[in-house]
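**Student:** Below you'll find the structure I mean.
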Amino acid sequence: MRSGLKKWEELGQEKEPGTGKGQGSGVKEKPGEVGTGEKRGIERELEVVRICPNPRLVMCEYRELAEVRRCVVDVGKNAKWSKGMKFRIEEPFLQEEYIRPWVYRGKSPRLKGRW
């Protein structure tokens, strides 16, 4: 049951279509970097644990190795979010962004509790 999450070792081993053996460009990117040189975080699957009193925030948790970690995510309006909903978000890369609430820029639920 692979849900689109990639292992650390697999990030740099993706092949472009049409390139065979020995035809690589010779440029290897580090995990977490995009071809433009921009650094990015790891994609995580978060589960909503509770709705915060602040109308923009939800408390979420995710699993990393054997731990369960919690974070606060800014979802715009939390009126249609409910406990138990799961969604994917890119983890912040910089330490300053990691401490603040993470920002979710994807689709929001249309109806309360429907995802």
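The values are calculated or read from the model by the stated rules, or taken from the named source; none is laboratory data. Since the structure is predicted, the reported quantities are computational estimates derived from the model, not experimental observations. Positions of Cβ are backbone-derived with ideal geometry, glycine not excepted, and every protein chain shown enters the neighbour counts.
**Student:** If I filter segment 60-75 for residues that are acidic (D, E), modelled with pLDDT of 90 or more, farther than 20 Å from L5 by Cα and out of contact with any Cys (no Cβ under 9 Å at 6 or more places or on another chain), do I get at least one hit?
**Tutor:** Looking through segment 60-75, at least one residue is acidic (D, E), modelled with pLDDT of 90 or more, farther than 20 Å from L5 by Cα and out of contact with any Cys (no Cβ under 9 Å at 6 or more places or on another chain).
**Student:** Separate question: Has segment 97-104 got at least one residue that is within 14 Å of E45 (Cα to Cα), touching a Pro at 6+ places or on another chain (Cβ under 8 Å) and surrounded by 17 or more Cβ atoms within 10 Å (Cβ to Cβ)?
**Tutor:** The answer is yes; a qualifying residue exists.
**Student:** Is it fair to say S108 is polar (S, T, N, Q) and under 23 Å from L5 (Cβ atoms)? I'd like the intermediate steps shown before the answer.
**Tutor:** Details: polar (S, T, N, Q): yes; under 23 Å from L5 (Cβ atoms): yes.
Considered against the rule, which asks whether it is polar (S, T, N, Q) and under 23 Å from L5 (Cβ atoms), S108 comes out as yes.
**Student:** Quickly run through segment 83-98 and pick out the residues that are at pLDDT below 90 and over 15 Å from the mean Cα position of the chain (by Cα).
**Tutor:** Q95, E96
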